[in-house]
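Student: Below are the C-alpha cells for one structure; questions will follow.
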Amino acid sequence: MNDEALAQRYETVREYFRRVDRGDPSISDISTDDIEIYFPKFGFGHGKDAIAELARRLDLEYLEHDIDGLDIMTSGDRVIVEGREWGTTRDGHTWPDGEISRGLFCNVFTFRGHLISKIHIYTDPDFTSSHQAKIQQLHRG
C-alpha cells in the first residue's frame with residue numbers, strides 16, 4: 001500500500017472518531033453497506049443499521065475520544081488503534097474514574113478500498129465501574 005492510501009485510511013479512522021463523538025449518523029458514509037461491528041456484550045452486528053443500534057444500546061449522553069493521542073498501527077488491510085475516551089451515560093455517570101476505569105480502548109478497523117468494512121471494538125463495556133461484583137473479583141487495590 002502506498003503512503004497516500006495509508007494516510008487516507010488513517011484520516012478515515014480519525015474521522016470515524018470525530019463522527020462518533022458528535023453522534024453523527026453520517027458515519028455510515030465511510031463504511032461499506034455490509035459492515036461488521038463487534039462490541040463486548042453487544043456481540044456482532046452487520047450492516048449500517050448495526051452501528052446505530054449499538055449507539056442506541058450504549059445510551060451515552062456524551063462521548064469524546066483523544067483523537068490527537070491515538071496510537072495508530074497498520075497490518076495489511078487492518079488499522080489498529082489504541083486510545084483513551086471519556087464520557088457520561090444518560091443517567092449521569094461519568095468515566096473514567098481514574099482508579100478502576102481508565103477509558104482505554106483498542107479498535108481494529110478492516111478496510112475494503114477506502115471504506116471501513118469491519119470495526120471490532122475492544123473496551124470494558126462497564127465504562128462507569130458499576131459491576132461491583134466483577135470489580136471485587138478482579139481488582140487488587
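Student: Taking the options 14, 19, 9, name whichever one is among the basic types (Lys, Arg), under 20 Å from residue 72 (Cβ atoms) and in contact with a strand residue (DSSP E or B) (Cβ under 6 Å, 6 or more places away or on another chain).
Tutor: Matching residue, one of 14, 19, 9: 9.
For (1) of a type in the set (A, V, I, L, M); (2) touching a residue at least 60 places away in the same chain (Cβ under 8 Å), each residue gets a yes or a no:
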{"position": "29", "(1), (2)": "no, no"}
{"position": "35", "(1), (2)": "yes, yes"}
{"position": "63", "(1), (2)": "yes, no"}
{"position": "66", "(1), (2)": "no, no"}
{"position": "71", "(1), (2)": "no, no"}
{"position": "87", "(1), (2)": "no, no"}
{"position": "102", "(1), (2)": "no, no"}
{"position": "105", "(1), (2)": "no, no"}
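Student: Moving to a separate point now. Read through the list (1) without any contact (Cβ under 8 Å) to a residue 60 or more places away in the chain; (2) within 12 Å of the chain's Cα centre (by Cα); (3) farther than 30 Å from residue 1 by Cα, then give the number of the only condition that residue 125 fails.
Tutor: Status for residue 125: all satisfied but (1).
Student: In the stretch 39-68, which residues are under 15 Å from residue 16 (Cα atoms), open to solvent by 40 Å² or more (accessible area, probe 1.4 Å) and at pLDDT 95 or above?
Tutor: Passing the criteria: 64, 66, 68.
Student: Any idea which of (1) open to solvent by less than 90 Å² (accessible area, probe 1.4 Å); (2) more than 19 Å from the chain's Cα centre (by Cα) is the one residue 136 doesn't satisfy?
Tutor: Of (1) open to solvent by less than 90 Å² (accessible area, probe 1.4 Å); (2) more than 19 Å from the chain's Cα centre (by Cα), only one is false for residue 136: (1).
Student: How many of the residues in the stretch 12-38 are in a helix (DSSP H, G or I) and surrounded by 12 or more Cβ atoms within 10 Å (Cβ to Cβ)?
Tutor: Of the residues in that region, 15 qualify.
Student: Working only within the stretch 88-122, note down all residues that are over 19 Å from the mean Cα position of the chain (by Cα) and either acidic (Asp, Glu) or at pLDDT below 80 (or both).
Tutor: Listed by number, the residues that qualify are 91, 99.
Student: Which residues, taken from the stretch 83-110, are open to solvent by 90 Å² or more (accessible area, probe 1.4 Å), assigned to a strand (DSSP E or B) and among the charged types (D, E, K, R)?
Tutor: 84
Student: Out of the stretch 99-126, which residues are of a type outside the set (Gly, Ala, Ser) and more than 25 Å from residue 88 (Cβ to Cβ)?
Tutor: Listed by number, the residues that qualify are 108, 109, 110, 111, 112, 114, 115, 116, 118.
The values are calculated or read from the model by the stated rules, or taken from the named source; none is laboratory data. Everything numeric in this text was worked out from a predicted model, so none of it was measured. Here Cβ is always computed from backbone atoms with ideal geometry, including for glycine, and neighbour counts include all displayed protein chains. Just the protein is used for accessible areas: all its heavy atoms, side chains included, with ligands, DNA and RNA removed. Shrake-Rupley method; radii C 1.70, N 1.55, O 1.52, S 1.80 Å.
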